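Bear in mind that the values in this text are calculations on the coordinates, not laboratory data. These numbers come from a predicted model, not from an experiment. Reconstructed Cβ throughout: ideal geometry from the backbone, glycine too, with neighbour counts over all protein chains shown.
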């Protein structure tokens, strides 16, 4: 099973394109969702996104989500589910993003990477300033709050 998880969750090849699995968490609080701004010095710095990151070799997407949210925000999702997947190509990466709806978590949200954070109403934002993969999600997630 480990080999299957590695093949399915870390690197996927379709039509000659390698896709890196990325886990993104849509943290929900009172019909608002958490957005974080990529800090200076990182690729795509200054763009808003949902917290998360790339899966490590052999790491399933849901485990990457927990690890990344702990590293970035000091929280561990406790009530969450895979909602959708989106493939998006950037100059540096072909990302197969797994979006998780997070209803509950353990810990207190704190910007461990000194990133800006904001609770936003997806019904009242046009997505300007967000990463491309996240813009479409903003329009759709409002129906799941």
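Residues that are touching a residue at least 24 places away in the same chain (Cβ under 8 Å), over 23 Å from residue 140 (Cβ atoms) and either out of contact with any strand residue (DSSP E or B) (no Cβ under 9 Å at 6 or more places or on another chain) or buried (at least 20 other Cβ atoms within 10 Å of the Cβ) (or both) within segment 89-109 comprise 92, 108, listed in sequence order. Looking only at segment 72-88, decide whether some residue is buried (at least 20 other Cβ atoms within 10 Å of the Cβ), under 11 Å from the mean Cα position of the chain (by Cα), touching a residue at least 24 places away in the same chain (Cβ under 8 Å) and outside any strand (DSSP E or B). No, every residue in segment 72-88 fails to be buried (at least 20 other Cβ atoms within 10 Å of the Cβ), under 11 Å from the mean Cα position of the chain (by Cα), touching a residue at least 24 places away in the same chain (Cβ under 8 Å) and outside any strand (DSSP E or B). Of all residues in segment 105-140, those satisfying the criterion of being within 16 Å of the chain's Cα centre (by Cα), in a strand (DSSP E or B) and under 18 Å from residue 70 (Cβ atoms) are 105, 117.
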